[in-house]
Amino acid sequence: MSAILKNESGTGAQFAREAINQSLEASDKVRFLRDMVRIRNFEERSNKAYSQGRIGGFLHLYIGQESVAVSAASLLGPNDHMITAYRDHGHALAVGMSMNECMAELYGKATGCSKGKGGSMHYFAPDKNFWGGHGIVGGQTPLGLGIAFALKYQGKTGCCLCFLGDGAVNQGAFHESLNLASLWDIPVIYVIENNGYSMGTSQERSSAYPDFLAKRAEGYNMAWDAFNGWDVYELRAGFHRAMQRAHNESRPTIVEVATYRYRGHSVADANSKVYRTKEEIEQHENLFDPITRWKNTLLEEGVITEEDYRQLNREALQEAEASAQFAEQSPWPAEADITADVYHEVDHQTESGLTGKHFFND
Amino acid sequence: MSRQIDYRTAIREALAEEIERDPNVFIIGEEVAQYNGAYKVTQGLWAKYGDKRVIDAPISEAGFIGMGVGASMLGLRPVMELMFWSFAYVAFDQMINNAATVRYMSGGLLHCPIVVRGPANGGTNVGATHSHTPENLFGNMPGLKVVCPATAYDAKGLMKTAIRDNDPVYVMENTKLYGELWDVPEGEYTIPLGVADVKRSGSDLTLVAHGRAVITCLKAAELLEAEHDIKAEVVDLRSIRPLDEETVLESVRKTHRVVVVEENKPFCGVGAQITAMIQEKAFDDLDAPVARVSAIDAPAIYSPRLEEVQLPRPMDVVKKALSIC
Ligand SMILES: Cc1ncc(C[n+]2csc(CCOP(=O)(O)OP(=O)(O)O)c2C)c(N)n1
Ligand SMILES: [Mg+2]
């Protein structure tokens with residue numbers, strides 16, 4: 001079974017007419033395309049680096065899902081925040097992190113966004129309202145709640161978009177978070193990126209649910225919504241509705257987005273064509289690829305030409321290649337860096353940080 | 001002005017003073033607000049400071065502590081009450097994978113000024129699920145700070161410092177100490193983390209302890225002096241991490257004999273760490289092997305008669321001291 005929702009609630013053209021999309025300039029639309037293309041090129045290049053042995057650990061590719069992060073990020077105001085799980089490259093680039101810092105992080109270099117201390121699953125950019133990059137399935141869900149709680153506490157009109165996978169919905173911490181979010185009117189939006197699988201387990205084999213995972217919101221007296229994940233207009237319209245609810249009513253929402261990952265769970269996943277059919281993957285790539293569809297939309301609208309698209313791709317390819325060069329040439333962290341960034345007070349050499357023994361290496 | 005207040009009141013004063021000092025400080029926990037706290041530590045705070053600053057949480061430790069970690073990343077200073085530290089185990093992922101590591105994994109881009117506090121002790125006949133002493137578990141995690149105050153004076157000063165600290169600080173209190181009266185000055189003071197305190201000075205033997213074991217050691221020191229003419233020095237670690245090694249070593253260099261006492265379990269407990277440290281750094285000063293007294297190594301027993309035996313008593317400390325003196 002694929003994750004395709006076949007949502008009948010609207011057509012692409014209908015969503016395009018919504019105010020949030022009507023207000024878009026041609027340059028915005030091109031930027032969304034460029035961002036998606038950049039994410040894909042970045043990940044293809046990182047995949048190559050991985051196979052060359054340049055990258056350690058896991059590499060979870062977001063290829064096929066780019067529209068979700070890009071559409072969400074396109075709506076963020078100054079008090080809107082994002083947090084996600086380990087499949088985080090798309091979200092990171094979408095909020096404006098650079099390919100260089102992200103690639104260097106994969107290589108474990110000192111110039112990486114986390115100075116080589118977090119790796120693929122742990123990108124952060126607090127200055128861009130992006131709070132990670134979290135490796136424990138479901139572990140980020142209370143954090144997203146806390147970010148939204150803090151906004152409310154500080155009297156700011158904002159929200160936190162907290163992304164999770166279809167496998168993460170069965171974690172206890174997520175359910176605790178849902179209850180608290182609704183009980184305390186916290187402006188958090190849980191975005192289930194339903195790509196149909198948690199590793200090799202299809203959603204049918206992991207979740208007891210009627211038709212939508214997001215429907216679990218009803219048990220917590222919370223609003224929910226579900227939409228297709230391959231059309232930027234539809235995604236923006238859907239996210240916007242939930243964000244309005246958060247901003248205007250300080251109420252949480254669960255949003256379920258039907259999407260699909262073309263590659264394995266991680267690059268190391270040898271079974272990616274065993275637990276699902278080749279036809280299923282091809283169907284998504286051929287019919288529902290978010291980049292192709294958005295490109296076609298922009299061609300139809302006369303916003304871009306085929307040549308513009310080729311140019312975007314070339315630039316993204318070059319940028320990704322340059323980021324790999326950057327990462328390659330960057331220095332490793334120093335051995336002394338192993339014990340830096342553990343304690344804020346120690347790093348800042350405050351009185352607290354200079355009192356007592358914090359590390360027990362000798 | 002000197003006055004006596006109990007340990008619980010001292011903590012309450014610390015919380016109230018910090019709530020008044022910093023608008024980012026707030027309390028969340030089960031029964032902390034309208035019920036006035038399961039152990040009455042937060043009594044009166046909700047009435048005084050209201051819904052925004054003192055918040056009753058559902059029974060949802062992973063949810064609300066994780067929420068606090070997230071809120072602290074944005075600059076709030078949540079003080080989370082655990083009804084018992086034993087319940088931290090359902091929130092372990094949030095307290096370790098998140099609180100202790102997000103600063104590191106972000107390369108120092110963020111930090112978590114959160115406090116988690118509550119009682120962490122055995123000795124109250126509530127069985128193994130409610131009697132854990134996890135200071136060694138959390139102390140094992142770089143990124144976390146752990147303090148175990150033994151007196152009301154220390155509890156107040158350490159709590160205020162913990163709330164102002166920019167890293168996660170886990171404060172482990174003791175229900176058996178909540179009612180104990182101590183001299184606590186009026187007005188503002190703080191106690192730095194990572195500074196041990198010599199609670200009694202002596203020349204023949206050093207007793208190193210933390211939490212309620214300090215009180216046990218003070219009683220043992222009296223017995224040793226009265227009955228055996230042994231003058232024991234009692235060093236209260238106060239803070240497990242950061243740790244004040246120097247005060248311990250200084251005492252050892254003076255007395256040449258040590259018993260490390262704890263209500264923690266012996267295997268990889270705090271005492272094991274202190275013992276390893278002493279043999280490594282003061283080997284030549286020792287006239288006897290470092291001795292340890294820990295809780296008897298089994299889950300906390302319920303039977304009131306036997307739980308008393310399971311935790312170190314003054315006579316156990318005396319006996320161990322005599323074996324090396
Ligand atoms: C607590 C926990 N259990 C197991 C894992 C191993 N693991 C990592 S990702 C994953 C599958 C999660 O799938 P899903 O939530 O659907 O997200 P997706 O990978 O599809 O983006 C598993 C089992 C983990 N990281 N954390
Ligand atoms: Mg999935």
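What the table shows:
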quantity: Only listed residue being under 12 Å from the mean Cα position of the chain (by Cα), within 14 Å of chain A (Cβ to nearest Cβ) and part of a loop (DSSP other than H, G, I, E, B), chosen from B:LEU177, B:LEU193, B:LEU158; calculated: B:LEU193
quantity: Qualifying positions in segment A:147-168 - in a loop (DSSP other than H, G, I, E, B) and either within 16 Å of ligand 1 (Cβ to nearest atom) or open to solvent by less than 20 Å² (accessible area, probe 1.4 Å) (or both); calculated: A:GLY158, A:ASP166, A:GLY167
quantity: Search result, residues across segment B:301-319 that are open to solvent by 20 Å² or more (accessible area, probe 1.4 Å) and touching a helix residue (DSSP H, G or I) at 6+ places or on another chain (Cβ under 6 Å); calculated: B:ILE301, B:PRO314
quantity: In segment B:46-64, residue farthest from the other protein chains (Cβ to nearest Cβ) [restricted to those that are assigned to a helix (DSSP H, G or I) and surrounded by fewer than 23 Cβ atoms within 10 Å (Cβ to Cβ)]; calculated: B:ALA47
quantity: Qualifying position, being in contact with an Asp or Glu (Cβ under 8 Å, 6 or more places away or on another chain), modelled with pLDDT of 95 or more and within 13 Å of another protein chain (Cβ to nearest Cβ), among A:GLY196, A:GLY139, A:GLY172, A:GLY146; calculated: A:GLY139
quantity: Listing of strands (runs of 3 or more DSSP E) fully contained in segment B:224-325 that carry 1 or more residues being out of contact with any Asp or Glu (no Cβ under 9 Å at 6 or more places or on another chain) and either acidic (Asp, Glu) or touching a residue at least 40 places away in the same chain (Cβ under 8 Å) (or both); calculated: B:239-241, B:258-261
quantity: Selection count where residues are surrounded by fewer than 21 Cβ atoms within 10 Å (Cβ to Cβ) and either in a strand (DSSP E or B) or more than 9 Å from ligand 2 (Cβ to nearest atom) (or both), scope segment A:169-204; calculated: 14
quantity: Only listed residue being within 14 Å of chain A (Cβ to nearest Cβ) and basic (Lys, Arg), chosen from B:ARG212, B:ARG200, B:ARG238, B:ARG257; calculated: B:ARG238
quantity: Selection count where residues are more than 14 Å from chain A (Cβ to nearest Cβ) and of a type in the set (Lys, Arg), scope segment B:104-152; calculated: 1
quantity: Positions within segment A:83-101 being away from ligand 1 (no atom under 15 Å from the Cβ) and either within 14 Å of chain B (Cβ to nearest Cβ) or crowded, with 24+ Cβ neighbours inside 10 Å (or both), in sequence order; calculated: A:LEU93, A:ALA94, A:VAL95, A:MET97, A:MET99, A:GLU101
quantity: Counted residues, segment A:68-94 - those being assigned to a helix (DSSP H, G or I) and away from ligand 2 (no atom under 16 Å from the Cβ); calculated: 7
quantity: Qualifying residues in segment B:123-138 (those that are within 13 Å of the chain's Cα centre (by Cα) and crowded, with 24+ Cβ neighbours inside 10 Å) - the one farthest from A:THR355 (Cα to Cα); calculated: B:THR133
quantity: Filtered residue count, segment A:124-141, keeping only those that are within 13 Å of ligand 1 (Cβ to nearest atom) and not aliphatic (A, V, I, L, M); calculated: 7
quantity: Residue in segment A:29-39 that is outside any helix (DSSP H, G or I) and in the same structural domain as A:MET99 (by TED's automatic domain parsing) present; calculated: no
quantity: Test for B:MET67: is it buried (at least 21 other Cβ atoms within 10 Å of the Cβ), touching a Gly at 6+ places or on another chain (Cβ under 8 Å) and facing chain A (nearest Cβ under 7 Å); calculated: yes
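Every residue, every condition in (1) farther than 19 Å from B:GLY108 by Cα; (2) open to solvent by less than 60 Å² (accessible area, probe 1.4 Å); (3) modelled with pLDDT under 95; (4) more than 8 Å from chain B (Cβ to nearest Cβ), yes or no:
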{"residue": "A:ASN313", "(1), (2), (3), (4)": "yes, yes, no, yes"}
{"residue": "A:ALA320", "(1), (2), (3), (4)": "yes, yes, no, yes"}
{"residue": "A:ALA324", "(1), (2), (3), (4)": "yes, yes, no, yes"}
{"residue": "A:GLU328", "(1), (2), (3), (4)": "yes, no, no, yes"}
{"residue": "A:ASP341", "(1), (2), (3), (4)": "no, yes, no, no"}
{"residue": "A:SER352", "(1), (2), (3), (4)": "no, yes, no, no"}
{"residue": "A:PHE359", "(1), (2), (3), (4)": "no, yes, no, no"}
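The values are calculated or read from the model by the stated rules, or taken from the named source; none is laboratory data. This structure is a prediction, so every number in the text was calculated from the model and none was measured. Note: ideal-geometry Cβ built from the backbone for every residue, glycine included; neighbour counts use all protein chains shown. With ligands, DNA and RNA removed, areas are computed over all heavy atoms of the protein, side chains included. Shrake-Rupley method; radii C 1.70, N 1.55, O 1.52, S 1.80 Å.
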